[in-house]
1. One residue is enough: does segment B:121-140 have a residue meeting the conditions in contact with a helix residue (DSSP H, G or I) (Cβ under 8 Å, 6 or more places away or on another chain), over 29 Å from B:R60 (Cα atoms), in contact (Cβ under 8 Å) with a residue 60 or more places away in the chain and assigned to a strand (DSSP E or B)?
2. If you go through segment A:210-250 one residue at a time, how many are open to solvent by 70 Å² or more (accessible area, probe 1.4 Å), outside any strand (DSSP E or B) and under 20 Å from A:H157 (Cβ atoms)?
3. Which numbered condition trips up A:R365, out of (1) free of Cβ contacts under 8 Å to residues at least 24 places away in the same chain; (2) in contact with a helix residue (DSSP H, G or I) (Cβ under 7 Å, 6 or more places away or on another chain)?
4. Within segment A:306-326, is there a residue that is closer than 30 Å to A:S220 by Cα, over 23 Å from the mean Cα position of the chain (by Cα) and crowded, with 21+ Cβ neighbours inside 10 Å?
5. Quick check: anything in segment B:149-158 among the small types (G, A, S) and open to solvent by 50 Å² or more (accessible area, probe 1.4 Å)?
6. Could you grab me the full set of residues in segment A:343-374 that are among the acidic types (D, E) and buried (at least 18 other Cβ atoms within 10 Å of the Cβ)?
7. Against the conditions (1) among the aliphatic types (A, V, I, L, M); (2) part of a strand (DSSP E or B); (3) surrounded by 15 or more Cβ atoms within 10 Å (Cβ to Cβ), where does A:L187 fall short? Just the number, please.
8. Regarding A:R88, is this residue more than 11 Å from chain B (Cβ to nearest Cβ) and either surrounded by 20 or more Cβ atoms within 10 Å (Cβ to Cβ) or part of a loop (DSSP other than H, G, I, E, B) (or both)?
Amino acid sequence: MCIKIVVWIVFVPILFQINECLAQNKSIQEPKIYSEISGYFRIDYRYFPDSALYPRQHKSYFSMVFQPEVYLEWNKGKQLLQFVGFARIDQYDTERTHADIRELYWQAIFKNWELSVGLRKIFWGVTESNHVVDIINQADALEGFDLEKKLGQPMIHFSWSPSWGTIDLFAMTYHRQLKFPGQQGRLRPPFDLDYNNTSYESELDEYNPDLAIRWSHSFSVFDIGISHFHGTSRSPLFESSDGITFSAFYELINQTGLDIQASTGPMFWKAEIIYRVSKRKNINAFTVGGEYTFSNIFSSGIDIGLIAEYNFDNRGQELITGLDDDFFFGSRLAINDRQSTDLIGGIIIDRNNQTLRYFIEANRRLGDSWKISLEVSGFDNVADTEFLYLIRNDSFAQFSLTKFF
Amino acid sequence: MKTALKISTVISIIIITAFARVITGLEIAQEAEKSDNGWISSSNILTMTLTNRKGQKTTRHMHGYFMEVEGDGDMSMTIFDTPVDVKGTASMIYTHKIGDDDQWLYLPAIGRVKRISSSNKSGPFMGSEFAFEDLSSQELEKYTYKYISEELMNGEECYKVERYPVSKTSGYKRNIVWYNKSNYRFEKIEFYDRKDDLLKSLMYSNFKLYLSKYWRASTMKMVNHQNGKETLLEFSEIKFGINLTKDDFSQNALKRAK
């Protein structure tokens with residue numbers, strides 16, 4: 001609700017004003033608007049074979065997802081409006097039943113620059129098992145403990161692409177909180193989180209102006225990005241006075257990041273490195289590794305990719321992702337048939353305590369607009385020092401059916 | 001005197017023929033490239049129909065725009081419209097005359113641009129019978145050539161030329177290309193696999209002339225002789241002179257391609 005108000009009060013008037021300015025410079029022109037509506041509905045069925053660790057949790061869950069998208073373009077494609085909504089209704093979990101505006105922004109394009117105002121989703125990075133450099137958007141932890149899904153972030157984004165790369169500038173405000181599944185949900189910590197009691201190092205709380213800059217470039221075999229973020233951290237620290245109810249604290253940070261990929265034939269070399277400074281602690285983290293693709297094996301059309309990565313983070317056990325000293329070994333299989341059948345699987349293993357997690361995900365299109373997916377995600381041998389120990393019994397299998405429109 | 005003239009005529013004929021025989025394959029390919037130079041920019045809409053051995057059909061839609069680059073290969077942007085689950089997925093390719101092409105794919109669901117391995121030339125495009133290398137820009141330098149003969153194809157007089165891919169990662173040992181003698185457009189290509197067995201043949205038809213210079217086939221039909229599958233490409237709304245610049249082939253342009 002609050003996010004909507006911010007959008008409508010702050011950004012929409014700006015949008016109309018800039019729009020007017022641009023329009024005034026032009027002679028009378030036909031209002032030619034191109035529009036597209038698309039999106040999907042999905043049904044998920046999740047089954048947890050292990051008994052629940054905490055009271056009120058269930059064995060299996062049905063849930064429904066709706067993601068509508070609207071795209072408008074006018075002024076010969078020089079201006080556009082993009083909306084991506086998201087809503088999930090969960091059978092039991094009232095927290096996981098949630099809605100978000102993933103994207104709602106206006107964009108103007110002029111030669112080699114772009115100006116966007118509104119909620120956007122920005123991805124930075126190259127590696128597969130972890131995205132240490134990626135910092136613009138808060139994770140939607142209600143969608144998964146792997147923090148892969150992101151919440152929309154209000155911003156003004158300017159992007160300029162001269163011949164020597166792309167310069168992105170971001171001015172952001174309204175910090176989004178990391179939220180976990182509710183009492184009846186699985187994949188959650190045992191304690192209660194009081195989201196109304198969240199505190200910030202910034203005097204402006206969630207309204208602290210966050211700034212970011214990135215230079216990225218693709219040349220020869222390289223894709224490279226150097227970025228800096230100044231503002232409120234997306235990773236919470238948890239505090240409690242009674243050990244039962246916790247609240248989050250978000251510190252102010254400066255984070256410099258580097259992501260680089262060298263694509264030499266079938267071999268991709270990848271690395272992401274960050275250095276983060278806050279009053280409390282200096283953090284360094286990195287992911288390095290590579291991916292080798294065997295393509296069109298025996299002229300079958302099948303591709304198999306092998307991925308190996310190593311993750312380091314000096315935050316150690318306080319990390320929610322647990323990727324502090326962990327190897328990742330994965331494989332990707334693409335059948336490249338008319339149903340676009342694919343499969344990805346992997347294991348992540350902690351170098352010190354051998355905590356193991358594994359996942360496998362398979363997708364296949366049915367007809368022209370349906371898709372079935374199977375996902376298995378689990379843990380084994382979880383050390384009691386890991387954050388994952390709190391969800392050690394939450395290995396699950398999920399079946400999904402998606403209808404695209 | 002008469003004999004001397006005869007001999008010299010014979011010799012010159014031999015020389016001319018021998019000379020022509022040596023250079024013709026490459027020359028034809030060079031002529032073909034020359035005749036297709038200067039189109040600058042272009043766009044089209046593409047319908048791709050896949051037919052399996054049982055005759056079941058699946059249709060895909062996409063659209064794209066293309067730009068000539070002086071001194072190097074073309075740039076292209078292809079945006080997928082259907083199937084709906086991949087709608088908005090876009091592929092950007094910088095073709096190079098020498099060395100591997102650069103290719104990126106934008107995946108809107110995760111908002112991520114990914115590089116595509118340039119060594120995957122022989123893999124199928126979108127589950128079709130077209131390999132990536134069949135659809136990438138046909139740069140002169142990507143092959144070596146050998147003249148075979150003149151032959152009638154599609155009722156047109158053609159030069160039949162054999163060409164050999166330079167790249168070691170190509171799925172083909174050789175192709176046979178039928179160039180139209182009068183305008184150097186492709187009439188047919190046969191693809192031979194690494195074992196030199198006939199793999200596929202591609203027929204070009206429904207030609208239209210644009211800007212009174214550039215022949216474009218509205219229909220391209222690929223038949224795979226080894227698995228019995230077919231793929232039909234039908235191009236529509238072929239346009240030229242659409243005013244593109246390098247800014248239309250940037251990472252940002254790829255992300256907002258619709």
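The values are calculated or read from the model by the stated rules, or taken from the named source; none is laboratory data. Predicted model only: the values in this text are computed from it and were never measured. Every residue, glycine as well, gets a Cβ built from its backbone with ideal geometry; the counts of neighbours run over all protein chains shown. With ligands, DNA and RNA removed, areas are computed over all heavy atoms of the protein, side chains included. Shrake-Rupley method; radii C 1.70, N 1.55, O 1.52, S 1.80 Å.
1. no
2. The qualifying residues number 0.
3. Looking at each condition in turn, A:R365 falls short on (1).
4. Among the residues of segment A:306-326, not one is closer than 30 Å to A:S220 by Cα, over 23 Å from the mean Cα position of the chain (by Cα) and crowded, with 21+ Cβ neighbours inside 10 Å, which makes the answer no.
5. Step one: filter segment B:149-158 for residues among the small types (G, A, S), giving B:149, B:155.
After this cut, where a residue has to be open to solvent by 50 Å² or more (accessible area, probe 1.4 Å) as well, the list is B:155.
Yes, the conditions are met somewhere in segment B:149-158.
6. So in segment A:343-374, the residues among the acidic types (D, E) come out as A:350, A:361, A:368.
The answer is A:D350, and nothing else.
7. Only one criterion is unmet by A:L187, namely (2).
8. Working: more than 11 Å from chain B (Cβ to nearest Cβ): yes; either surrounded by 20 or more Cβ atoms within 10 Å (Cβ to Cβ) or part of a loop (DSSP other than H, G, I, E, B) (or both): yes.
Yes, satisfied.
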